[in-house]
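Engineer: Take this structure, written in structure tokens, and hold onto it; I'll ask about it next.
The values are calculated or read from the model by the stated rules, or taken from the named source; none is laboratory data. Just so we're clear, the structure is a prediction, and the values are computed from it rather than from any experiment. Quick reminder, even Gly has a Cβ in these numbers, built from the backbone with ideal geometry, and neighbours come from all protein chains shown. The area values use the complete protein model at the heavy-atom level, side chains included, leaving out ligands, DNA and RNA. Shrake-Rupley method; radii C 1.70, N 1.55, O 1.52, S 1.80 Å.
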Amino acid sequence: MRIPLSNVNLSELEEYYVLDAVRTGWISGTGNYVTKFEDALAEKVDRRYAIAVSNGTVALELALLALGIGPGDEVICPALTFAAPVAMVKKIGAKPVLVDIDPISWTLDIDEVQAALSRRTQAIIAVDLLGHPANYWALEHAAPGIPIIEDAAQAHGAIYNSKPVGSLGHISTFSFMANKPVTCGEGGAVLTDDYDLAQRLRLIANHGMTSVKPYWHEVVGSNYRMTNLQAAIGLGQVQRWDELVKARKIVAEEYNRLLQVRLFDINFRPVEDYAYESTWLYVLRHSERERIINHLRSTGIDARPIWTAIPDNPAYQSSLPFPVARRIANEAFWLPTWAGMPEGAIKEVADAVLEVIAETVTA
Ligand SMILES: *Cc1c(COP(=O)(O)O)cnc(C)c1O
């Protein structure tokens with residue numbers, strides 16, 4: 001594609017750190033960049049403890065395991081998201097209970113969460129979908145005592161009522177995969193303010209071994225570690241956090257300005273009063289989505305439909321209605337977005353969208 005959906009934004013800082021890691025020979029999960037990355041990340045999002053892991057998917061698995069969730073337990077998950085949280089609930093043997101999303105925030109619908117609670121509910125995974133935080137205050141009140149896992153994989157830099165995304169819920173997780181707003185290629189992190197939980201997360205992430213004596217396995221664990229090479233890139237990216245978040249926001253604002261032709265009935269992404277929305281991939285909704293995407297793709301612009309609603313995937317099928325998740329899944333689509341995307345490219349994409357919509361209106 002001439003204009004890709006996404007692009008990385010790496011600087012000399014990341015290059016310097018990663019070369020430094022190579023030259024010192026520390027490349028596994030025990031190097032000092034891992035600790036530096038964890039400290040910088042925890043400070044950036046105002047959390048006490050951060051544990052770096054190999055990606056955002058295992059971050060969720062680790063969070064569920066550290067909370068002691070397993071077979072017989074239910075975990076509430078949104079019906080529209082990238083599937084990783086739902087997959088990890090299934091993988092550890094628990095049951096994902098899908099809940100419809102709210103038509104404004106596109107995150108967990110609070111009334112639906114309340115209706116889905118049962119004696120077996122052991123956690124809620126709230127996804128800050130497309131840079132929009134879920135409503136954490138309302139979730140805590142709807143489900144008192146139930147641990148909340150914040151999946152902030154798409155929301156670096158967003159704010160919920162003056163609190164940074166990544167600091168919400170009992171445990172929060174990030175992805176640093178290459179198309180996410182802050183990246184180290186593949187990577188993730190689990191964060192919490194709870195000392196005991198942090199200890200448990202580290203224990204499971206490192207083969208269940210404690211420092212009591214070598215090769216002493218206190219619990220069954222695995223290897224979730226991030227390499228020092230990933231962490232070196234990640235440290236540079238975390239130090240550039242504000243710059244990277246702002247650069248995506250500028251792209252979104254430019255799209256907003258160019259597409260602000262209400263005449264053509266474009267549905268922009270709504271934003272709740274409690275939220276400062278960050279930009280991951282710029283998203284629009286239109287009933288003529290397929291025509292718009294086909295036109296853009298035929299001219300070399302990598303626009304894509306958003307995910308299929310979770311209950312419409314063979315792996316997670318459900319015959320329950322989920323009307324909001326299904327409607328948005330059928331109409332929403334992404335336009336190319338990255339930090340530093342040239343103005344000319346943004347204009348070309350916006351013009352191509354408006355062309356199709358103008359045709360649709362006059363047809
Ligand atoms: C990207 C993403 C993940 C998975 O992260 P990876 O690092 O790709 O494993 C999990 N949850 C959400 C909501 C995501 O967008």
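Engineer: Which members of region 51-82 meet the condition of being near the ligand (Cβ under 9 Å from one of its atoms) and open to solvent by 10 Å² or more (accessible area, probe 1.4 Å)?
Structural biologist: Across region 51-82, the qualifying residues are SER54, ASN55, GLY56, THR57, VAL58, PHE82.
Engineer: Let me ask something else. Could you go through region 142-157 and let me know if any residue there is within 13 Å of the ligand (Cβ to nearest atom), in contact (Cβ under 8 Å) with a residue 40 or more places away in the chain and under 23 Å from ASN267 (Cα atoms).
Structural biologist: Among the residues of region 142-157, at least one is within 13 Å of the ligand (Cβ to nearest atom), in contact (Cβ under 8 Å) with a residue 40 or more places away in the chain and under 23 Å from ASN267 (Cα atoms), which makes the answer yes.
Engineer: Enumerate the pairs (first residue in region 320-343 and within 20 Å of ALA83 (Cβ to Cβ); second residue anywhere and aliphatic (A, V, I, L, M) and part of a strand (DSSP E or B)) with beta-carbon separation below 6 Å, excluding pairs fewer than 6 apart on the same chain, so at least 6 apart or on different chains.
Structural biologist: Taking only residues 6 or more apart or on different chains, the pairs are VAL324/ILE101; ALA325/ILE101; ALA332/VAL283; TRP334/VAL283.
Engineer: With the condition kept exactly as written, say whether any residue in region 265-284 is more than 24 Å from PRO133 (Cβ to Cβ) and of a type outside the set (A, V, I, L, M).
Structural biologist: Yes: one or more hits.
Engineer: Return the total of residues in region 270-306 being within 16 Å of the ligand (Cβ to nearest atom) and either surrounded by fewer than 17 Cβ atoms within 10 Å (Cβ to Cβ) or of a type in the set (Ser, Thr, Tyr) (or both).
Structural biologist: Residues that pass the stated criteria total 5.
Engineer: For region 289-326, give me each residue that is under 21 Å from the mean Cα position of the chain (by Cα) and part of a helix (DSSP H, G or I).
Structural biologist: Scanning region 289-326 gives ILE310, PRO311, ASP312, ALA315, TYR316, VAL324, ALA325, ARG326.
Engineer: Do we have LEU191 as away from the ligand (no atom under 16 Å from the Cβ), over 22 Å from PRO342 (Cα atoms) and in contact with a helix residue (DSSP H, G or I) (Cβ under 8 Å, 6 or more places away or on another chain) here?
Structural biologist: It is false that LEU191 is away from the ligand (no atom under 16 Å from the Cβ), over 22 Å from PRO342 (Cα atoms) and in contact with a helix residue (DSSP H, G or I) (Cβ under 8 Å, 6 or more places away or on another chain).
Engineer: Picking from SER172, SER162, which residue would you name as being on the phi < 0 side of the Ramachandran plot and either among the small types (Gly, Ala, Ser) or within 10 Å of the ligand (Cβ to nearest atom) (or both)? Full working, then the answer.
Structural biologist: Numbers: SER162 fails: on the phi < 0 side of the Ramachandran plot.
Only one candidate qualifies: SER172.
Engineer: Here are the criteria: (1) within 18 Å of HIS132 (Cβ to Cβ); (2) away from the ligand (no atom under 16 Å from the Cβ); (3) open to solvent by less than 90 Å² (accessible area, probe 1.4 Å); (4) not hydroxyl-bearing (Ser, Thr, Tyr). Tell me which single one ALA247 does not satisfy.
Structural biologist: For ALA247, the failing item is (1).
Engineer: Follow-up. For region 8-37, how many residues meet the condition of being closer than 25 Å to PRO336 by Cα, open to solvent by less than 70 Å² (accessible area, probe 1.4 Å) and not in a helix (DSSP H, G or I)?
Structural biologist: Total meeting the criteria: 2.
Engineer: Across region 176-192, what is the number of residues that are of a type in the set (Ser, Thr, Tyr) and within 14 Å of ALA42 (Cα to Cα)?
Structural biologist: 1
Engineer: If I filter region 157-198 down to residues being closer than 18 Å to TYR276 by Cβ and touching a Pro at 6+ places or on another chain (Cβ under 8 Å), which single residue comes out as surrounded by the most Cβ atoms within 10 Å (Cβ to Cβ)?
Structural biologist: LEU168
Engineer: Hey, another quick one. Would region 28-38 turn up any residue that is closer than 29 Å to ASN161 by Cβ and at pLDDT 95 or above?
Structural biologist: Residues of region 28-38 that are closer than 29 Å to ASN161 by Cβ, as a first pass: 37-38.
Among the residues that remain, those that are also at pLDDT 95 or above are: 37-38.
Checked against the condition, which is being closer than 29 Å to ASN161 by Cβ and at pLDDT 95 or above, region 28-38 yields at least one hit.
Engineer: Can you tell me which residue within region 327-363, out of those that are touching an Asp or Glu at 6+ places or on another chain (Cβ under 7 Å) and open to solvent by 20 Å² or more (accessible area, probe 1.4 Å), is nearest to VAL8 (Cα to Cα)?
Structural biologist: Looking at the filtered set, the residue picked out is GLU343.
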